[in-house]
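Read the figures in this text as sums done on the coordinates, not as results from a lab. In this text, all values refer to a predicted model and were calculated from it rather than measured experimentally. Cβ placement follows ideal geometry from the backbone for every residue including glycine, while neighbour counts extend to all protein chains displayed.
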Amino acid sequence: MSLSIGIVGLPNVGKSTLFNALTKKGVPAENYPFCTIDPSVGIVPVPDPRLERLSAISKSKKTIPAVVEFVDIAGLVKGASEGAGLGNKFLSHIREVDAIIEVVRIFEDANTIHVHDKVDPLFDIEVINFELEQAGIKKPILYVLNMSEASEKNMREITDKLPGPYIEVDPVFSTGLPNLIKASYDLLNLITFFTTGEDESRAWTTVRGATAPLAGKSIHTDFRDKFIRAEVVAYNKLIEAGSFAKARERGWVRTEGKDYIVQDGDVIEFLI
């Protein structure tokens, strides 16, 4: 399952710096507006300590995490929905993603130009959200408060007035990034299920509320189209048992049919 999150915001608020920190992939992050014109895409692993433990008990040769796709989108400006600042092109990039993280600049820095000549996070949010609304873009939004360098703002005054969930990060020092990745995953309404064995242990992504055949499609379409049944054990029960075989001996492995709703943390063997 490939779902993507667009990183948006005004110019020079730290979008590309955040993207670089998330993906370790170099994109232009110079200090001037519209430096990034074509969106860059990075695939970022979702941190999940459960996967490492499964891999350890299975003695897996490979360990493959779930991932989130981040898209670095150039800065929007006031009037973008009417074409200002290459706005139409940028808005078309935003329409292609499944959710948005909106980077909001909190820090003061005389050397980093602000497009409105002042640092006013709530005003910046109003500008961006107005342009998204005018363009008819309604996807889930997570606000990312860029705390890079010292901030003298009263954070409580800002956070109390935010129109949605938020995460505080410092892209320069990479603080808060694991929480951001996990929050982004949750923003897409995704859950993780696992497969594990000697060859590999792997985290798979599916939408919350998915049935077993739909979740199986994340692995291969045959697991949806030719689904017979699935053997399922909860992650914590498998860890307690120490192996799939021992979990089966204890009666913790369940046989589920097509109507089973996959739960976060399920370890599954699909039968076709």
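Annotations
- The label-point distance for Glu133 and Asp222, in a model that sets each label 7 Å from Cα toward Cβ, rounds to 5.1 nm.
- Full-stretch length increase - Glu108, Lys61 - with 0.36 nm per residue and alpha-carbon distance subtracted: 12.1 nm
- Classified by the C-alpha gyration tensor, the range 141-272 has a prolate form. Its axis ratio a/c, with a ≥ b ≥ c, is 1.5 or above, and a/b is larger than b/c.
- Three-way shape label, the range 209-271, alpha-carbon gyration tensor, a/c 1.5: prolate
- Added length on full extension, which subtracts the Cα-Cα distance from 0.36 nm per residue, Arg248 to Val207: 12.1 nm
- Given Lys62/Lys258; Lys226/Lys246; Lys24/Lys226; Lys59/Lys182; Lys118/Lys139, the pairs whose alpha carbons are separated by over 32 Å: Lys24/Lys226
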